[in-house]
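Following: one structure in structure tokens, then a few remarks.
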């Protein structure tokens, strides 16, 4: 097949310089897409594993799983805006407080049938990744980093879902 592709490229390239100016960058782009996809598969699996450990660890009350997913200096933040004054404040949780909250069963209070855990990898670039998790009552936007050879969550920005009647 490579021989057929090469002869086809030579044939098309003989048609004129305009074709060459379009064809060569297009082939280079195609080659880079194929290379990135092949190299990204292990990282995609590892990023998804960290995100799943985070959300399933929370629901299961599994502090070991939660801790494995987090960088020790994680910052989990939410912006809360007062409805009467319209003033916003930033609330923050650390890795330690999230692990302890998991250990004390914070996520166990959500009935199994209501445990939503939709994980969507938004992007992976080299040692950084963004992931969206839609959970039962909130949405998390995770930033992960490849740290000491493994993917861990370093930042979470989250937002509460409105009550069911307001969705």
Checklist entry - When N counts the residues of the range 41-166, how does its alpha-carbon radius of gyration compare numerically with 2.2 N^0.38 Å, as a ratio? => result 1.06
Checklist entry - Any idea how far apart residue 77 and residue 45 come out in nm if each label point goes 7 Å out from Cα toward Cβ? => result 3.4
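Please give the peptides 110-119, 124-133 ranked by average Cβ packing (other Cβ atoms within 10 Å per residue), highest first, as a rough proxy for protection.
Working: 110-119: 12.5, 124-133: 16.2.
The densest-packed peptide leads the list: 124-133, 110-119.
Once you have a ≥ b ≥ c as the square roots of the Cα gyration tensor eigenvalues for the range 60-115, tell me rounded if a/c is under 1.5, and otherwise prolate or oblate according to whether a/b is larger than b/c. Don't skip to the end; give the middle numbers.
Values: a/c = 3.30, a/b = 1.50, b/c = 2.20.
Verdict is oblate for the range 60-115.
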Checklist entry - Taking Cα centroids, how far is the range 102-158 from the range 69-89 in Å? => result 16
Checklist entry - By its C-alpha gyration tensor, with a ≥ b ≥ c as the square roots of the eigenvalues, how is the range 107-167 shaped: rounded for a/c under 1.5, else prolate for a/b larger than b/c, else oblate? => result prolate
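Every number here is computed from the coordinates shown, using simple stated rules; none is lab data. Just so we're clear, the structure is a prediction, and the values are computed from it rather than from any experiment. Cβ coordinates were reconstructed from backbone atoms using ideal geometry, including for glycine residues, and neighbour counts include every protein chain displayed.
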